Ligand SMILES: Cc1cc2nc3c(=O)[nH]c(=O)nc-3n(C[C@H](O)[C@H](O)[C@H](O)COP(=O)(O)OP(=O)(O)OC[C@H]3O[C@@H](n4cnc5c(N)ncnc54)[C@H](O)[C@@H]3O)c2cc1C
């Protein structure tokens, strides 16, 4: 992190910045790379395996992707993501990855400092975002890399092989921190900065010197210093929300959920096993949820030999279950959990001693003598003695720093913001909010949920901001 930038923050400058990015995870890092003047061009001799895309790319040789029509280029692409620009950037970086191929990126990167847009990236922790959490990465390393530095090459330099081609969360967090340093982006990053308010007024009146008539945003928060926290306040013409969704775990909303044996974070199980508070001889751990985080918790508990009760509301063969969307070859351990959920159900004749699943069960309450009360699919109540409870049923974006907690920005403003069901409503080719000019959202906030796909949002924002800058040719 740059000391000068921290000092600059400390003075609460009133000179507006072009861009403030809130959040320093993969989305914020990728955007900072693009805003720092790193510009993608198609390699002159590259042939993309997608014939239609190849034809379109060959129509504008020598023109940066950032200066091309992203709508036109992405038209007709299909894949495991809804966003056309996310699919476009992903297929340029990893042309045939979904077919098991390892064709190199068709992009080459030029560092054109004159195209840089001044910006600052604010983040609560060190750069890397959700990767500074516990647990392991779920994807292969190649899908978690950022532009122009492959995770496998970085690992080789570190003289470490990828374990089963899968990187740990610690490896990936380290890779992101190194990426910021290696690409010379550190001076844009301020760690330990928590944004507590973003406010904006009506558009600035036009003046001969005004760059554009957009609104001015005031971004305020606190910055960690040697002796506590210090307030800061900055002004910007554009703000990018890149705060992810992992800071605010979803709750069941049942009585007893605040009891000390009930947790909403996988790290609680790691801490309890490390401390010997939960052992193979303990009462079972109750894991609530049927997503990948709950599956991670089942795998961890089984690895430590700790008995598990696994409760979830849906029937085990519900087609909406995430396990049905993961290729078996790439995610065998998650398919193993799904198989256990099916075969070791309390409803089946011989539940396995160390694990039993409770499909179709709803939590009713937790009692302070470590009991969990559930309702089964027939409406009967079931009571279990447990050593620890992990409620892993997803997480919500926390935009409490915006007016009205940002709910008016969602696709359906009458429903709570949700990465999967009700993200921030953005233009698909600029990622600018449909409700507020100058405000952008990327990553899970905009509905893009994997590292390989959050990078398209960064490309769209960088392309849009470049068009707003009078110094840059369109
Ligand atoms: C256990 C786990 C495993 C995962 N495995 C994979 C995987 O294998 N492959 C994959 O592609 N994806 C995986 N994901 C999802 C992946 O982490 C996200 O897609 C990605 O991190 C989103 O990047 P982001 O930068 O948009 O948000 P984040 O990574 O969530 O980063 C946002 C950052 O903003 C900070 N922030 C939030 N609010 C504020 C504020 N008010 N002020 C300052 N800073 C703030 C947060 O602290 C955080 O550091 C996994 C997630 C988890 C939790």
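Coordinate-derived values only; no laboratory data. Note that this is a predicted model, so its numbers are computed, not measured. Positions of Cβ are backbone-derived with ideal geometry, glycine not excepted, and every protein chain shown enters the neighbour counts.
How many nm separate the modelled label positions at residue 59 and residue 113, each set 7 Å beyond the Cα in the direction of the Cβ?
3.6
Can you give me the C-alpha center-to-center distance between segment 14-36 and segment 433-448, rounded to a whole angstrom?
14
Label the chain by shape, choosing from rounded, prolate and oblate, from the square roots a ≥ b ≥ c of the eigenvalues of the Cα gyration tensor; if a/c is under 1.5 it is rounded, and otherwise prolate applies when a/b is larger than b/c, oblate when it is not.
Values: a/c = 1.95, a/b = 1.52, b/c = 1.29.
Because a/c hits 1.5 or more and a/b exceeds b/c, the chain counts as prolate.
Gain in length, residue 270 to residue 396, computed as 0.36 nm per residue apart minus the alpha-carbon separation, to one decimal in nm?
43.1 nm
As I understand it, the value is the acute angle between the Cα axis of helix 26-35 and the longest principal axis of the Cα atoms of the chain; what does it come to in degrees, rounded to 10?
Computed tilt is about 10 degrees.
Can you give me the distance in nm between label points at residue 247 and residue 82, each placed 7 Å from the Cα along the Cα-to-Cβ direction?
2.4
Sort 236-248, 421-433 by packing, meaning the average of other beta carbons within 10 Å per residue, with the highest value first.
236-248, 421-433
By per-residue mean of other Cβ atoms within 10 Å, what is the highest-first order of 60-66, 298-304?
The densest-packed peptide leads the list: 298-304, 60-66.
Using 1/(1 + (r/R0)^6) with R0 = 60 angstrom and r between the beta carbons of residue 257 and residue 67, what's the FRET efficiency to the nearest 0.05?
0.70
Using Cα pairs under 8 angstrom and six or more residues apart, how large is the relative contact order of the chain, in percent? Intermediate values should be presented prior to the final figure.
Working: 958 pairs, mean separation 94.5, N = 474.
Relative contact order, the chain: 20 percent.
How far apart, in nm, are two points set 7 Å out from the Cα along the Cα-to-Cβ line at residue 381 and at residue 158?
The two pseudo-label positions are separated by 5.0 nm.
Take each of the peptides 112-118, 69-75, average the number of other beta-carbon atoms within 10 Å over its residues, and list them starting from the highest.
69-75, 112-118
Grab the DSSP H runs of the chain that are 4 residues or longer, score each as -39,500 (n - 2.57), total them, divide by all residues and round the 222 nm result to the nearest 500 deg cm²/dmol.
-7000 deg cm²/dmol
What residues from segment 393-432 fall in the zone where the backbone N is under 17 Å from a label point 7 Å along the Cα-to-C-beta line of residue 220?
Inside the label zone: 400-406.
Please compute the contact order of segment 251-393 in relative form: average sequence separation of alpha-carbon pairs under 8 Å and at least six residues apart, divided by the residue count, as a percent.
36 percent.
What length, rounded to one decimal in nm, is gained on full extension from residue 314 through to residue 52, with 0.36 nm per residue of separation minus their alpha-carbon distance?
Between residue 314 and residue 52, full extension yields 90.2 nm more.
Working out 0.36 nm times the residue gap between residue 339 and residue 353, then minus their Cα-Cα distance, what length gain in nm do you get to one decimal? Spell out each step's value before the answer.
Values: separation 14, 0.36 × 14 = 5.04 nm, distance 1.55 nm.
Here the segment from residue 339 to residue 353 would lengthen by 3.5 nm.
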